[in-house]
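The values are calculated or read from the model by the stated rules, or taken from the named source; none is laboratory data. Everything quoted here is computed from the prediction, not taken from an experiment. Reconstructed Cβ throughout: ideal geometry from the backbone, glycine too, with neighbour counts over all protein chains shown.
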Amino acid sequence: MPFIVSRPARAAGFALLELSIALLIGTVLAVWGSAALMRRADDAAAQAVGAWLLEIRQAASHMLERHFDSLAAGTRPQDGQGRPLYADPLAPTLAEFKAEGLLPAGFPETVAGAAQARVRLLRPNACPGPACRIDALVYSTQPLRAADGAPDLMRMAVLTAAAAGYGGYATADGGGRLRGTAFDFPNPYAPGAAALPAGTPVLWAGLDAATADRYVRRFDTRDPQLQSNLTTAGSIDSAGRIHARGRLATSEYLEVGVAWPGDACSQEGLVARSGRGGVLTCRDGGWAAEDAGFGGAFSYNNRFGCSLHTGESTVNPRTGGCYCGYGYQAVIVSYGGKWNDDEGWTTGYICVR
């Protein structure tokens, strides 16, 4: 008797095959989707690291612009009060960048994966001098590696794009380099420095003497030697002298420092003002009033001193006593009275120079 397969049994077999294929396709799609999600997450993390390193690279670039002369001379940059801004100028920290205002106070010091940043400054040529240049390398403490340990070039491409063309990485080829679109340095980057692991993200900034000399910078110690007029909307505050080869003109008033008649002065011809607003000039090593030679007057009584027998004061109003101010001489102009105990003899003086 022949074996007969019923139609329902054949249909059940086809349904099982279709279900298996559907499950296989679903599994493949799930795995592919999961891998795509993981890749997008990795790309987002790499992009965040690139943007983070770019901000630090900009801070390093501003440091070079602001302190190029000090860095070229091998001295520590200082603030306006003469305090050092960096413990090691060739290895500045993010905290020091924040303290100088090169980074926001709330800028994070770590990024995705707890990576930290290091900044190192290099002087490959003779400094200071016309050939001097200073390079800054900003790199992460965590390399980007694939599962096989090689540099993850996919994530590195995302990071480099986020770094605005200033990014690169430590290569794994023979000899090892720190290489990017705009730079190529040996690895290690300086004698005595440790080599960076392959896959380490690196950003670069640099400045040379020719470029630095084009601009007047904050805290610049050079004479800009401007060849035309200088106009400001605010005040000019100078800690030293202001020397004019021509006239010194003002549309309002001239305010000078306060001195006291008779006090010592350092240079003949200097001008000051007294506490009462009079004009003083430096003559013969002391401050003297400019008053057409008149320095006041006083009288002295042999019995009552600087007063009359009536009790009225006869002091010199310019000095507050029975004497002349600095630079003046007392000249007798009058005398009289009675040589007795009631009135006494009074001599009058005028102070002249």
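A few points about this structure:
- Cβ pairs under 7 Å, 6+ apart, first in the range 234-260 and modelled with pLDDT of 85 or more, second aromatic (Phe, Trp, Tyr): 259/287; 260/287
- If only residues of the range 189-221 that are exposed (fewer than 10 other Cβ atoms within 10 Å of the Cβ) and touching a helix residue (DSSP H, G or I) at 6+ places or on another chain (Cβ under 8 Å) are counted, the one that is farthest from residue 65 (Cα to Cα) is 221.
- Note on the range 92-120: residues that are out of contact with any Phe, Trp or Tyr (no Cβ under 6 Å at 6 or more places or on another chain) and without any contact (Cβ under 8 Å) to a residue 60 or more places away in the chain amount to 18.
- Summed over the range 158-203, residues that are more than 30 Å from the chain's Cα centre (by Cα) and aromatic (Phe, Trp, Tyr) total 1.
- Any hit, the range 271-278, residues being in contact (Cβ under 8 Å) with a residue 12 or more places away in the chain, touching a Pro at 6+ places or on another chain (Cβ under 9 Å) and farther than 30 Å from residue 158 by Cα: yes
- Hits in the range 86-116 - residues which are surrounded by 15 or more Cβ atoms within 10 Å (Cβ to Cβ), modelled with pLDDT of 95 or more and among the aliphatic types (A, V, I, L, M): 90, 94, 102, 103
- When residues of the range 63-74 are limited to those that are crowded, with 18+ Cβ neighbours inside 10 Å and out of contact with any strand residue (DSSP E or B) (no Cβ under 8 Å at 6 or more places or on another chain), the one nearest to residue 132 (Cα to Cα): 69
- Only one of the numbered conditions (1) touching a strand residue (DSSP E or B) at 6+ places or on another chain (Cβ under 6 Å); (2) surrounded by 16 or more Cβ atoms within 10 Å (Cβ to Cβ) is not met by residue 263, and that is (2).
- Top-ranked residue of the range 49-92 - restricted to ones that are in contact with a Ser or Thr (Cβ under 8 Å, 6 or more places away or on another chain) and part of a helix (DSSP H, G or I), ranked as farthest from residue 126 (Cα to Cα): 49
- Listing of strands (runs of 3 or more DSSP E) fully contained in the range 275-328 that carry 3 or more residues being over 52 Å from the mean Cα position of the chain (by Cα): 294-301
- The residue pairs whose first member lies in the range 66-91 and is in the same structural domain as residue 134 (by the TED database), whose second member is of a type in the set (Lys, Arg) and exposed (fewer than 12 other Cβ atoms within 10 Å of the Cβ), and whose beta carbons are closer than 6 Å, counting only pairs six or more residues apart or on different chains, are 66/218.
- Residues that are surrounded by 15 or more Cβ atoms within 10 Å (Cβ to Cβ) and of a type in the set (Lys, Arg) within the range 39-62 comprise just one, 57.
- When the residues of the range 310-332 are filtered to those that are among the β-branched types (Val, Ile, Thr) and touching a Gly at 6+ places or on another chain (Cβ under 6 Å), the one that is nearest to residue 259 (Cα to Cα) is 319.
- If you go through the range 197-207 and keep only what is part of a loop (DSSP other than H, G, I, E, B) and in contact with a Lys or Arg (Cβ under 9 Å, 6 or more places away or on another chain), you end up with 197, 198, 199.
- Qualifying positions in the range 205-226 - at pLDDT 80 or above and among the β-branched types (Val, Ile, Thr): 211
- A count restricted to the range 117-142 and to residues that are small (Gly, Ala, Ser) and surrounded by fewer than 16 Cβ atoms within 10 Å (Cβ to Cβ) stands at 3.
- When the range 187-203 is filtered for residues that are touching a residue at least 40 places away in the same chain (Cβ under 8 Å) and over 11 Å from residue 170 (Cα atoms), the ones remaining, listed by number, are 190, 193.
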